[in-house]
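These notes are about the structure you will find just below.
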Amino acid sequence: MKRALLVKFISILVNVTAGSIFLIPFLIYRQSFGFSDIMSFAFSTIPLALSVSITGDKFLSFSQKLLSGLRFFIAIFIGLILGFVWTYIVYFILGYLFAAISIPILYLWIIGSAAQLVFLQKFSDFSRIKNKKRSLVLGAIFFPVIPTFIFSLLYGISFLLMYLNKPEAEIYLIPKGYTGHIYLVHDLQNGDPEEYENGKRIYRIPSSGVLFTKFIDEPGIITNDFYYIDSTGNRTEIKKKLTFADESENDTIPAIIASTIGSKSGAPNYIEYKYSYNFLGTSEQRREIDEIKITYLDSLRNQQILKNSINNE
């Protein structure tokens, strides 16, 4: 009994570790874009790994009389199926928020589940399982139920805590006609001074689309409004979309996509930029635009430092 529990526990670590190993080169290639989603990945992977540890031997029991190589192929194939199933379950729970995840969690969950099942195939004691058909049916029933319940509970608690936290409301003022990336970089040392309007934070986005601000990043559900502003100070409200997949409105009109947070870091300076991100534009513009590179952020930061030094003279 103790050995069985130890095998299941180690299999959970195998799942998380395998996914993490493949996540590292992705983050390096993307210059750490998506780093802020690591906690979300771990948060949603643990229920998956726990469920696979409980039901994995039930899925694998029917293949024990086959050749060794075929058994491991079956373990990998089942891992692929479970990764797909869990991805759709999480998508169903999160809804439009799923689109804010910037790392390839489908592939990571497939890799993790497959590695975990291969481990269970190697070290589980299948002699305990007498009725293999019944065991397979129980596995098929309990696999989606267990992680869905755990994830929903954790997500509900997390959402409640975020709701109870009341961050300051925000107003984005964007140059009229601008479309593209909007990065709000939290730089307490070099950022623009804090500015308020009727108790709301004011972010004056420059023509580069990147604003360095002294405002700290606040967790929680933030109320934010976006406006185009012209040279005379007139404001025009910009509509927000949940995702660009939302075709309920005319997609030829630039709109704001749901906000996300993240961080970037890379050569040559390896400065970590923690930011809030939005995109302003149409679906077609979003597909065509390239990501902002670290070297560009470095150059904007140097300009910000120079501007501050001139203002302080």
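Mind checking whether some residue in segment 35-43 is free of Cβ contacts under 8 Å to residues at least 12 places away in the same chain and within 20 Å of Val137 (Cβ to Cβ)?
Let us first name the residues in segment 35-43 that are free of Cβ contacts under 8 Å to residues at least 12 places away in the same chain, namely 39.
Next cut, within 20 Å of Val137 (Cβ to Cβ) only: none.
Within segment 35-43, none of the residues are free of Cβ contacts under 8 Å to residues at least 12 places away in the same chain and within 20 Å of Val137 (Cβ to Cβ).
Quick one: how many residues across segment 114-137 are within 14 Å of Leu5 (Cα to Cα) and at pLDDT below 85?
So the answer is 4.
So which pairs qualify, if the first residue must be in segment 278-305 and in contact (Cβ under 8 Å) with a residue 12 or more places away in the chain, the second must be charged (D, E, K, R), the Cβ gap must be under 7 Å, and the two must be at least 6 apart or on different chains?
Phe279/Arg286; Thr282/Asp251; Ser283/Asp251; Ile294/Lys264; Leu297/Lys264
For segment 270-286, which positions are of a type outside the set (Gly, Ala, Ser) and either modelled with pLDDT of 75 or more or surrounded by 13 or more Cβ atoms within 10 Å (Cβ to Cβ) (or both)? So that I can check it myself, show each step before the final result.
Taking segment 270-286 as the starting set, the residues that turn out to be of a type outside the set (Gly, Ala, Ser) are 270-275, 277-280, 282, 284-286.
Across segment 270-286, the qualifying residues are Ile271, Tyr273, Lys274, Tyr275, Tyr277, Asn278, Phe279, Leu280, Thr282, Glu284, Gln285, Arg286.
Has segment 25-36 got any residue that is assigned to a helix (DSSP H, G or I), under 26 Å from Ser158 (Cβ atoms) and at pLDDT 85 or above? Give the derivation first.
Quick first cut of segment 25-36, residues assigned to a helix (DSSP H, G or I) only: 25-29, 35-36.
This time we only want the ones that are under 26 Å from Ser158 (Cβ atoms), so: 26-27, 35-36.
Now restrict to residues that are at pLDDT 85 or above: none.
Within segment 25-36, none of the residues are assigned to a helix (DSSP H, G or I), under 26 Å from Ser158 (Cβ atoms) and at pLDDT 85 or above.
Has segment 157-164 got any residue that is more than 23 Å from Ile294 (Cα to Cα), among the small types (Gly, Ala, Ser) and under 25 Å from the mean Cα position of the chain (by Cα)? Walk me through it before giving the result.
Going residue by residue through segment 157-164, those that are more than 23 Å from Ile294 (Cα to Cα) are 157-164.
Now restrict to residues that are among the small types (Gly, Ala, Ser): 158.
Add one more test, that the residue is under 25 Å from the mean Cα position of the chain (by Cα), and what stays is 158.
Yes, segment 157-164 has at least one match.
Here are some conditions: (1) farther than 27 Å from Ile256 by Cα; (2) of a type in the set (Ser, Thr, Tyr); (3) touching a strand residue (DSSP E or B) at 6+ places or on another chain (Cβ under 8 Å). Thr282 meets all but one. Which one does it not meet?
With (1) farther than 27 Å from Ile256 by Cα; (2) of a type in the set (Ser, Thr, Tyr); (3) touching a strand residue (DSSP E or B) at 6+ places or on another chain (Cβ under 8 Å) applied to Thr282, the lone miss is (1).
I need the strands (runs of 3 or more DSSP E) fully contained in segment 159-259, keeping only those with at least 3 residues that are modelled with pLDDT under 85 and buried (at least 18 other Cβ atoms within 10 Å of the Cβ).
Details: elements: 170-175, 180-186, 200-204, 210-213, 224-229, 235-237, 255-257.
In segment 159-259, 255-257 are the strands (runs of 3 or more DSSP E) which contain 3 or more residues that are modelled with pLDDT under 85 and buried (at least 18 other Cβ atoms within 10 Å of the Cβ).
Which residues, counting only those in segment 63-92, are crowded, with 16+ Cβ neighbours inside 10 Å, among the aromatic types (Phe, Trp, Tyr) and over 25 Å from the mean Cα position of the chain (by Cα)?
Of everything in segment 63-92, just one residue is crowded, with 16+ Cβ neighbours inside 10 Å, among the aromatic types (Phe, Trp, Tyr) and over 25 Å from the mean Cα position of the chain (by Cα), namely Phe72.
The values are calculated or read from the model by the stated rules, or taken from the named source; none is laboratory data. As the structure is a prediction and not an experimental result, all values here were calculated from the model. Don't worry about glycine lacking a Cβ; one is built from the backbone with ideal geometry, like all the others, and counts go over all protein chains shown.
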